Amino acid sequence: MVNNKVKYNILVFLGILVIAASSLAIISYGTSILNVISDFVSSNGASKLNSCGVDYSRFDQIKNDTTTLLFPAIYVGVPLLMIVLSVIMFYGGVYYNQAKLADEAEHRQKIEAEIIKKVAASKLTTKLKKEDES
């Protein structure tokens, strides 16, 4: 019972950790792209920037990352992340349900024990009353 509770708590925590880590990665990469775009847009134009000797290495890096990092992350990474997250949450739910069933069974056994005690006590009192009457 306690073992299942620990397992589902760990799995739920792991799922939350996966969600937080992927959100952080998406936000940091998106911020980097927005910074590069804003740097490029805030300039006066490509020909003027080239004449001034401005380096486009960051913008070229983002363009290269689009095909080598962004597309694989979108087409492979996101579905894999969702599958892993689904499996983690599924097993978290399984262990949660097992812990809940164990708690309910324990509670049911306590109630049954109380009922048996009450029935035994009432039988004893009726038996004593019958003995007193005779």
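Bear in mind these aren't lab numbers, they're just calculated from the coordinates by the rules spelled out. Here the structure is a predicted model, which means the values were calculated and not measured. Note: ideal-geometry Cβ built from the backbone for every residue, glycine included; neighbour counts use all protein chains shown.
Just a few scattered comments:
- Backbone geometry of region 13-29 corresponds, through the Karplus equation with coefficients 6.51, -1.76 and 1.60 at θ = phi - 60°, to 3J(HN,Hα) couplings of 4, 5, x, 5, 5, 5, 4, 5, 5, 5, 5, 4, 5, 5, 5, 5, 5 Hz, x marking Gly and Pro.
- Calculated from backbone phi, Karplus (6.51, -1.76, 1.60) coupling profile of region 99-104 in Hz, x at Gly/Pro: 5, 5, 5, 5, 5, 5
- Two-site label geometry, residue 114 and residue 61: point separation in nm, points 7 Å out along Cα→Cβ: 6.7 nm
- ³J(HN,Hα) computed for each position of region 72-79 - Karplus, 6.51 cos²θ - 1.76 cosθ + 1.60, integer Hz, glycine/proline x: x, 5, 6, 7, 10, x, 5, x
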